[in-house]
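Quick notes on the structure that follows.
What follows is calculated from the coordinates using simple rules that are stated; it is not laboratory data. Note that this is a predicted model, so its numbers are computed, not measured. FYI the Cβ positions are ideal-geometry reconstructions off the backbone, even for glycines, and counts take in every protein chain you see.
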Amino acid sequence: MEVIVMRHGAAMPAGQATAIGLSDGERPLTDQGRRDTRAAAAGLRQTLGDSRVSYVLVSPLLRARQTADILGAYLDDPLADEADALQPDAGAAAIAAALHASGNIERLLLVGHAPALGTWLSWSLTRQHDRLMTLSKNGVALVDFPGIAEGGTGTLRWLLGGDQLRGLAPPTTT
């Protein structure tokens, strides 16, 4: 099983959202966040080559859903479901349970938030709950498991920051 983990794009700052009456879950991607996410999605498509994503689990928060929607357009629109386990403060155990409930899917994409994704990444590689890494906005990692995702059994195949991923996008013609 391969699990691709991606943090959402840049969203409206929390203070600005609060000032206009939006909750944390309602914070949208900024215009720049949408542009950066499109470029990151193109870079991810380039990185994956002919490989396909079978299934997407996404946080129910708006900024993650918007990120997943953009990704879907670049990844041949894989089936996507929301998972409360991908909210910002979710623990590694909650994410692991969501993965187990999804079954043994060949290649799965998780779209969520810090610090939960960094904690799960660390747990998947070491079985420790210490957060050893943090993903940047639009940052992505690929973890390979010999079977269903279990703590400490993952192998980190690659890790790219958002800027690196955007740099892999094919040039656009204008």
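For the chain, just the Cα atoms, rotate onto the principal axes and tell me the three extents in Å, largest first.
Principal extents (largest minus smallest coordinate, Cα): 43, 39, 28 Å.
Assign unit charges at the C-beta atoms only (+1 for Lys and Arg, -1 for Asp and Glu), then state the dipole size of the chain relative to its Cα centre in Debye, rounded to the nearest 20.
So the magnitude is around 420 debye.
So which trypsin sites (Lys or Arg not before Pro) in region 6-62 end up in coil per DSSP with only 15 or fewer other C-beta atoms within 10 Å?
Passing sites in region 6-62 are R52.
How big is the antiparallel share of DSSP beta bridges in the chain, given as a percent to the nearest 5?
45 percent
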